[in-house]
Amino acid sequence: MLTINEVRKQFGSFTAVDEITLEIPKGEIFGLLGANGAGKTTTFRMILGLLTPTKGKITWNEKEISYETSDLVGYLPEERGLYPKLTVREQLIYLGQLRGMSRSQIQEQTEKWLKRFGAEEYLNKKVESLSKGNQQKIQFIAAVLHRPELLILDEPFSGLDPVNVELLKSAVHELKKEGTTIVFSSHRMEHVEELCQNLCIMHRGKSVVQGNLKEIKGSFGKKNVSVKADFDLSYLKDTNGVLKHRVTADGITLQVEREEVAQDLFQAIQAKGFVRKFELEEPSLNDIFIEKVGVVHE
Amino acid sequence: MSKFMTVMMHTYRSKIKSKPFLISTLITIALLFVVTNMNEITKMFGGDEESKVAVIDKTGNTLPALQEQFKTAGADLKAEVYTKSEKDAEQSVLDGELDGLLIIDKDASGMITGSYKAEDVTNQDLITDIEMALQQIKNKAAAESIGLNQEQLAAIYLPVSFDKESLSETAKSEEEAAQVYILVYVLLFFMYMAVMMYGSMIAVEVATEKSSRVMEILISSVSPVKQMFGKIFGIVLIALTQLALFVAAGFAAVQLNGKLSGSESIIEELKLNEIPVPLIVYALIFFILGFFLYATLFAMIGSLISRVEEVNNIMTPVVIVIVAAFMIAMYGRENPESAFVAGASYFPLFTPMLMLLRVGMLSLPVWEVALGIGVLIAAIGLFAVIGARVYRGGVLMYGNAPSLKLFKQAILLSKQEKKDTTGL
């Protein structure tokens, strides 16, 4: 279990991370959300032991993470960090050895992962000659090669096409099944929604929302109502309890204060004409994010 | 394999295979062979050919004496009387039939004068030979004119008998001083080369890792200290490999030259094989310690910059220090006793060169040498500690141009880190 206890990190007078407390059980995928500069990477660096918290403590299985335990941890940094002039093979051998692996283990794992990602032909290619997506795959392999107990993924899906995103997602799922604890950050809410049971939204170093995804959505209160009909629906926005609205191509999406408002809306459109769709939806993580952080994010 | 070894071997392997390394090694070895065998090579290109000089002897009786002089001096030159006009001779020179034209005449006081004409007057050897021969003849004539005979003339030109002897038991003989000078020169040259080549290699390595962001993965798996020293030792291994190759090649080249020319090899001539063993040991100690000092400095510098292009800017001050050490050593060669040199030899960045110079040239008490080595080791320790800190802090900082402020920032960033995580 990864425990982050009242951790604060200050750089001079600037507080990058402010009193974060998290508990991430073994074998779970945990999402860390936040805009740029929210403190995600600083948090990761503290988990990895690259930075020492100004205050508080981070432990993995009750032990502080240090260079003695670094073989148990895998890290995929936000920006690609590979030697441009080395071949994929040389690269993985070096990085694997630094995580305490033997050459034969590295060989075996490299083959396995390259095959899985359909990238066998790149084994003896220089990294600089690979496409961004393929570099990211190699970066991912470098992070998981030594079968870490704790895997930190900082923006793992950035710059990948949808096919490769799926490929990586399924790999993450499989690692989770094998018992790896995974902490990852992302801008993309749908990735977080799809992968995580628990999450934390950070804003300016503080944790704004944290907990179980379903509970967060449930306790958020506000819901979305999506309506499609053959007549003009724009008058619905003036109904009591409607907070926001968005007119779509063939209908309207409304954010409502609470579930009961949906009933009022349903009453309002009855007998007006043919209704193609009326649906009460859970709020999306994106809605929650915008609400809590107050900024629009991709 | 420990992680330190992994870093070291990785650095060694990736550099030793690199093209720049192979090319620079081969070129240097080729140069060594060319330089040591220069005399043989010039001979091969026909530098041996006799020069043909036409002589118009207006005095009528100087030519035989001149030819005699050339013979005794062993000059590669054939002087022949020329019977046609000066104009014709000049034409022959331009046509290349003759190498030059010498006109001998007498001035108003009856002294011999010479005038040499050639296509160009760049062949200094030939011109000096002619001038010397004429000088001899003139001297002889002048001596005769005032009634000196051959013996008296010889007595005038006999060099004075002058002996040097040092009274102190431990003082260095002239020969020893020459050996030291060569050794110091070689060491200085190696230091300079090592700092330029390997120093920048270290800085570039670190900067590359930083700019490619691979650093974040690296320092999450190995402590910065292990990483820094793994890198330094890896580069030291490369330096040693390269130097061993150079020394072997240099030795082979000198041997080859000895065989080709049949004369004493340069090693015997300079009695380099008689350099006292302690001096060689000192030279090795100072070289290795000096190398580590500068290597640590460069690793520290490399971690402060975020782009490879900045390596050159930040290297300049270090190169200036090396050049300064070189200048002081040159001065110290003439004035080894100077208090300035003595003082400077305790400044760690100068110690490797200057202390070696002093050990060699003077009879230094052991404690002074020991103090020098101590200062050097202490400086390496200090640089290593600061370097490791800057390294740890610096590798996570990006973007800013290198500056003192950055340096402080890096220290500050790492100061807060606990000892157990720095891996010290």
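The values are calculated or read from the model by the stated rules, or taken from the named source; none is laboratory data. Since we're looking at a predicted model, the values are computed, not measured. Every residue, glycine as well, gets a Cβ built from its backbone with ideal geometry; the counts of neighbours run over all protein chains shown.
List of remarks:
- Residue satisfying all of: in the range A:73-87; of a type in the set (Ser, Thr, Tyr) and within 9 Å of another protein chain (Cβ to nearest Cβ); nearest to A:GLY27 (Cα to Cα) among these: A:TYR75
- Residues considered: B:LEU376, B:LEU357, B:LEU349, B:LEU371. Of these, the only one that is in contact with a Pro (Cβ under 8 Å, 6 or more places away or on another chain), modelled with pLDDT of 85 or more and away from chain A (no Cβ under 14 Å) is B:LEU376.
- Top-ranked residue in the range B:173-220 [being under 30 Å from the mean Cα position of the chain (by Cα) and charged (D, E, K, R); ranked as farthest from the other protein chains (Cβ to nearest Cβ)]: B:GLU174
- Any chance B:ASP99 is among the charged types (D, E, K, R) and without any contact (Cβ under 8 Å) to a residue 24 or more places away in the chain: no
- Among the candidates A:GLU62, A:GLU120, A:GLU108, A:GLU90, the residue that is at the interface with chain B (Cβ under 9 Å from one of its Cβ atoms), among the acidic types (Asp, Glu) and either without any contact (Cβ under 8 Å) to a residue 40 or more places away in the chain or surrounded by fewer than 20 Cβ atoms within 10 Å (Cβ to Cβ) (or both) is uniquely A:GLU90.
- Taken as a whole, the condition of being surrounded by fewer than 19 Cβ atoms within 10 Å (Cβ to Cβ), over 21 Å from A:LYS176 (Cα atoms) and more than 16 Å from the chain's Cα centre (by Cα) applies to A:GLU68.
- In the range B:1-55, the residues that are more than 14 Å from chain A (Cβ to nearest Cβ), in contact with a Leu (Cβ under 8 Å, 6 or more places away or on another chain) and basic (Lys, Arg): B:LYS52
- Of all the residues in the range B:277-325, those that are of a type outside the set (Gly, Ala, Ser), within 18 Å of the chain's Cα centre (by Cα) and buried (at least 20 other Cβ atoms within 10 Å of the Cβ) number 4.
To keep it simple, each residue is scored yes or no on (1) farther than 23 Å from B:VAL55 by Cβ; (2) among the acidic types (Asp, Glu); (3) not in a helix (DSSP H, G or I).
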| site | (1), (2), (3) |
| --- | --- |
| B:GLY110 | no, no, yes |
| B:ASP125 | no, yes, no |
| B:ASP129 | no, yes, no |
| B:MET132 | no, no, no |
| B:ASN139 | no, no, no |
| B:GLY147 | yes, no, yes |
| B:GLN152 | yes, no, no |
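- Residue count, the range A:187-208 (criterion: closer than 17 Å to A:PHE220 by Cβ and of a type in the set (Gly, Ala, Ser)): 1
- Every condition in (1) over 47 Å from the mean Cα position of the chain (by Cα); (2) part of a loop (DSSP other than H, G, I, E, B) is met by B:ASP88 except one, and the failing one is (2).
- Count of residues meeting criterion [in contact with a Pro (Cβ under 8 Å, 6 or more places away or on another chain) and free of Cβ contacts under 8 Å to residues at least 40 places away in the same chain] in the range A:139-180: 1
- Within the range B:39-85, the residues that satisfy the criterion of being in a loop (DSSP other than H, G, I, E, B) and either surrounded by 11 or more Cβ atoms within 10 Å (Cβ to Cβ) or touching a residue at least 12 places away in the same chain (Cβ under 8 Å) (or both) are B:ASP48, B:GLU49, B:GLU50, B:LYS58, B:THR59, B:THR62, B:ALA75, B:ASP76, B:TYR82, B:LYS84.
- Close contacts from the range A:269-294, counting a first residue that is under 30 Å from A:ASN36 (Cβ atoms) and a second that is of a type in the set (Phe, Trp, Tyr) and surrounded by 15 or more Cβ atoms within 10 Å (Cβ to Cβ), with Cβ to Cβ under 6 Å and a gap of 6+ residues or different chains, come to A:PRO283/A:PHE220; A:ILE288/A:PHE220.
- In the range B:24-32 there is at least one residue that is surrounded by 13 or more Cβ atoms within 10 Å (Cβ to Cβ) and either over 22 Å from B:LEU260 (Cα atoms) or in the same structural domain as B:THR241 (by TED's automatic domain parsing) (or both).
- The residues in the range B:125-153 that are over 19 Å from B:THR72 (Cα atoms), within 46 Å of the chain's Cα centre (by Cα) and not small (Gly, Ala, Ser) can be counted, and the count is 1.
- One residue stands out in the range A:25-54 among those that are more than 11 Å from every other protein chain (Cβ to nearest Cβ) and surrounded by fewer than 21 Cβ atoms within 10 Å (Cβ to Cβ): the one that is nearest to A:ILE290 (Cα to Cα), namely A:ALA35.
- Exactly one residue out of B:LEU304, B:LEU245, B:LEU256, B:LEU293 is modelled with pLDDT under 85 and either over 30 Å from A:GLN139 (Cα atoms) or within 14 Å of chain A (Cβ to nearest Cβ) (or both): that is B:LEU256.
- Residues of the range A:130-157 that are among the small types (Gly, Ala, Ser) and either assigned to a helix (DSSP H, G or I) or within 14 Å of another protein chain (Cβ to nearest Cβ) (or both): A:GLY133, A:ALA142, A:ALA143.
- Number of the condition not met by B:LEU362 [criteria: (1) aliphatic (A, V, I, L, M); (2) modelled with pLDDT under 80; (3) closer than 30 Å to A:GLY49 by Cβ]: (3)
- Failed item in (1) in contact with a Ser or Thr (Cβ under 9 Å, 6 or more places away or on another chain); (2) among the hydrophobic types (A, V, I, L, M, F, W, C); (3) at pLDDT 75 or above, with B:ILE156 passing the rest: (1)
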